[in-house]
1. Testing the spin-label approximation: label points 7 Å from Cα along Cα→Cβ at ALA63 and ALA299. State their distance in nm.
2. Can you tell me the alpha carbon radius of gyration of segment 263-352 divided by the globular rule-of-thumb value 2.2 N^0.38 Å?
3. Work out the charge dipole of the chain with +1 on the Cβ of Lys and Arg and -1 on the Cβ of Asp and Glu about the Cα centre, then indicate which of ASN252, LEU427, ILE68 is farthest towards its positive end.
4. Based on alpha-carbon centroids, what's the gap between segment 57-108 and segment 417-455 in Å, whole number please?
5. Based on the Cβ-Cβ distance of LYS307 and ALA264, what FRET efficiency does E = 1/(1 + (r/R0)^6) give at R0 = 22 Å, to the nearest 0.05?
6. Could you tell me how many degrees, from 0 to 90 and to the nearest 10, lie between the Cα long axis of helix 227-239 and the main elongation axis, the longest principal axis, of the Cα atoms of the chain?
7. Skipping prolines and chain starts, which residues have an amide H placed within reach, meaning under 5 Å, of the one on SER455, given they are 5 or more residues away or on another chain?
8. Kirkwood Rh over alpha-carbon pairs of segment 348-499, then Stokes-Einstein at 25 °C and 0.890 mPa s: what D in µm² s⁻¹, rounded to an integer?
Amino acid sequence: MKTVNHWIGGKAVEGTSGNWGPVTDPATGAVTTQVALASADEVAGAVAAAKAAYADWGTSSLARRTGILFRYRALLDARRDDIAALITAEHGKVHSDALGEVARGLEIVELACGITTQLKGELSTQVASRVDVSSIRQPLGVVAGITPFNFPAMVPMWMFPLAIACGNTFVLKPSEKDPSAANLLAELAHEAGLPDGVLNVVHGDKVAVDSLLAHPDVAAVSFVGSTPIARYIHTTASANGKRVQALGGAKNHMLVLPDADLDAAADAAVSAAYGSAGERCMAISAVVAVGGIGDELVAKIRERAEKIKIGPGNDPASEMGPLITRAHRDKVASYVTGAAAQGADVVLDGTGYTVEGSEDGHWIGLSLLDKVSTDSDAYRDEIFGPVLVVLRTETYEEGVDLINASPFGNGTAIFTRDGGAARRFQLEIEAGMVGVNVPIPVPVGYHSFGGWKDSLFGDHHIYGNDGVHFYTRGKVVTTRWPDPSDAPAGVDLGFPRNH
């Protein structure tokens, strides 16, 4: 059986805790790998390696950092298929989807390659006689990232490339459900010339997480995951004096107005709800049909959904793969089996789906629930699977009120031909990312990703300008140099004069 160990100080380090976690092939249900689960002492060793590396890396030149990052980007590009294959083997998503994940992670590596412009400071001269004021940004030190199972390569790449480009050193704790991609990312960084200890990977469970949150040498923590855990991360790390960005869950809505192109809206709903088996925080999980279009829209969604081919992620014919674990598959199915009792019309029930020859895989088909009420479990909870719910309202205003009443505020979209309605929606909707005829409005790398309300805890969004600001802290320097012709000045106890 394959074993995944830690990556600390520039090399693979065998786990010593004696605790191991199973890694399953979701398409077969077979345990293929065991991953070391770190003890508090092992986490401390990774932090110590990062702290030792920071002494040199934190003062290294921008040219040195960007040179390594350019080489790293080239290696990642050359190994896209290998990274994607690991994602498919352990997460289950189809290979094309895994390749897309790697591509979106590469965007942030490319942003990090241009960190020289992002870290430029400001200078004001002659604010007073021979007095200049400058603003600079400096790294924090050792920072940590705790990342989810659904994007085992992309989300880590949303964090550590920017962090190390800014001069920090990094300890990554990826999901123990699909750990191999993180190790390969670290190995390629080492091959690119990243000094030992700048990027470390420790695998583990709550013990490892709590150790990072409590360690006095960890200055900041980035997290992506569910809302309850995001709240816990934010509360615990903040109490320990750390800077925190914790991205939580979502219930993303797509508002479809009567004037929308319903074919385009149906295409978008199917791809956004069922892509990556619905295991993404930006999935559209609720469609709000306005006016009398509900029946026609639901029929178009059903027609498309029934054609989606589900199978192993390494089969080129598959469009959707299995769910990550058997327990998660059963939890997702429970929302569908209980939907009718809570008033929904079950248009498609995917709970009985299986793949011949791989019956032990974590399979579930596509489910579509219509006329769902806002107090039902299928609407209120983040299901994180291929289940799309449809709600109906009479007016645009009712639709916006429904969406804004949700405790989540991650992403949302509107489908319409009316520019005025779209403009109103952008301003009135309470969410951090908005799409206009775009179902999954994940920003490009040079803008920042993050939601509102229960979808984000902390002040900074991830990557983009917010990412740079999160991984650095500002300093303002006020300078006066005497002119060589000046005579020694006497002591002035008055308030400094700027005029």
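1. 6.8 nm
2. Values: Rg = 13.8 Å, N = 90, 2.2 N^0.38 = 12.2 Å.
In units of the globular-protein estimate, segment 263-352 measures up at 1.14.
3. It is ILE68.
4. Between the Cα centre of segment 57-108 and that of segment 417-455, the gap is 27 Å.
5. Calculated value: 0.85.
6. Long axis of 227-239 versus the principal axis of the chain: about 20 degrees.
7. GLY409
8. On the way: Rh = 20.8 Å.
The Stokes-Einstein estimate is 118 µm²/s.
The values are calculated or read from the model by the stated rules, or taken from the named source; none is laboratory data. This structure is a prediction, so every number in the text was calculated from the model and none was measured. Note that we place each Cβ from the backbone using ideal geometry, even for glycine, and neighbour counts take in every protein chain shown. Remember, those area values only see protein heavy atoms, side chains included, never the ligands or the DNA or RNA. Shrake-Rupley method; radii C 1.70, N 1.55, O 1.52, S 1.80 Å.
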